[in-house]
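J.: Quick one: the structure is below, questions incoming.
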């Protein structure tokens, strides 16, 4: 029943791209370009509410982090979404688009054609891609890291036992605990995942097949989405505000010694897109672009404590950050009249970084006789 979901027009566009929004009952927004049929947003909202119906604390945590579901138009490429704009090289972009019609992360995405079961859907059985990708979001972002680790440990133990019993042969669910959870979630909510070489029982859609094929996995996934697995509330824990340690990425490298999980949430309060790049262990290696942070938008990135990340705009380094343990946030705010970027540190103080190159797309700066104009 999608009639209960209202689709509203956004004026001006959000992030210069999204023209429509549908608010799910759980409080999370579904966003799309003007070319997407409103019914696709409504269907996405319905599936999102179904997924989070018994996980209100998880929904609240995702809302506090800025989560949204983003629908890719049937005529659009996945890389058209602002959060994927870091793939500027055409070969890399083509590979990214070929790999999937939707991804997880803090802002999961899926295709309009899949939601509306159109003939252009690359999945002939119209398997529920949004449930798959949003399940990744629940696992990685919907609960604090300590609870996420506990759930992943339980999923991995169940997956290993299932593989030893000969289940999931050649199936995507067998690849790792994250995909195990997302694939089983598709069956749990009435769809199906990749069957691989499974022949018995004959593969069908729905929870009953999962219960027959892998009762332990079915029970664990059911416990998660019924809200029985987590003993503690999934509240938003204290957020560590990261402070830049400089604007010279070449002088900073990731530390391989740490292995504790970390989550970065980068908020871009400027009028231009930023690039978030990982700084490899090798001091001679170039930064690796991981995500684009849309103007006025945000992006979430899972990483590890001690790993170094750089934020840049149009090739100009704005700041370098070392991930801490747990949930960390980076805020890049408005450009000043003197072409400085304001980075808010843990105490709320503002640090200014002078730029002598192109200033976040809003103006050009020149330096003459040692003076800026």
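The values are calculated or read from the model by the stated rules, or taken from the named source; none is laboratory data. Everything quoted here is computed from the prediction, not taken from an experiment. When we count neighbours, we look across all protein chains shown, and the Cβ atoms used for this are built from the backbone with ideal geometry, even at glycine.
J.: Check whether at least one residue in region 80-96 is assigned to a loop (DSSP other than H, G, I, E, B), within 26 Å of residue 7 (Cα to Cα) and more than 13 Å from the chain's Cα centre (by Cα), and report yes or no. Let's see the steps before the verdict.
T.: Here is the first cut: in region 80-96, the ones assigned to a loop (DSSP other than H, G, I, E, B) are 81, 85-89.
Those left that are additionally within 26 Å of residue 7 (Cα to Cα): 81, 85.
Add one more test, that the residue is more than 13 Å from the chain's Cα centre (by Cα), and what stays is 85.
Checked region 80-96: at least one residue is assigned to a loop (DSSP other than H, G, I, E, B), within 26 Å of residue 7 (Cα to Cα) and more than 13 Å from the chain's Cα centre (by Cα).
J.: Hey, any hits in region 155-173 for a residue that's modelled with pLDDT of 90 or more, under 20 Å from the mean Cα position of the chain (by Cα) and part of a loop (DSSP other than H, G, I, E, B)?
T.: No, region 155-173 contains no residue that is modelled with pLDDT of 90 or more, under 20 Å from the mean Cα position of the chain (by Cα) and part of a loop (DSSP other than H, G, I, E, B).
J.: Still on this structure, please answer the following. For residue 148, state whether it is crowded, with 22+ Cβ neighbours inside 10 Å and part of a helix (DSSP H, G or I). Can you show your working first?
T.: Values: crowded, with 22+ Cβ neighbours inside 10 Å: no; part of a helix (DSSP H, G or I): yes.
Here the answer is no, as residue 148 does not meet what is asked.
J.: Quickly run through region 304-315 and pick out the residues that are buried (at least 18 other Cβ atoms within 10 Å of the Cβ) and either at pLDDT below 90 or not in a loop (DSSP other than H, G, I, E, B) (or both).
T.: 308, 309, 310, 311, 312, 313
J.: When you scan region 114-129, do you find a residue that is at positive phi, in the same structural domain as residue 15 (by TED's automatic domain parsing), assigned to a loop (DSSP other than H, G, I, E, B) and surrounded by fewer than 20 Cβ atoms within 10 Å (Cβ to Cβ), even just one?
T.: Yes: region 114-129 contains one or more residues that are at positive phi, in the same structural domain as residue 15 (by TED's automatic domain parsing), assigned to a loop (DSSP other than H, G, I, E, B) and surrounded by fewer than 20 Cβ atoms within 10 Å (Cβ to Cβ).
J.: Which one is surrounded by the fewest Cβ atoms within 10 Å (Cβ to Cβ) among residues in region 1-36 that are at pLDDT 95 or above and out of contact with any strand residue (DSSP E or B) (no Cβ under 9 Å at 6 or more places or on another chain)?
T.: 25
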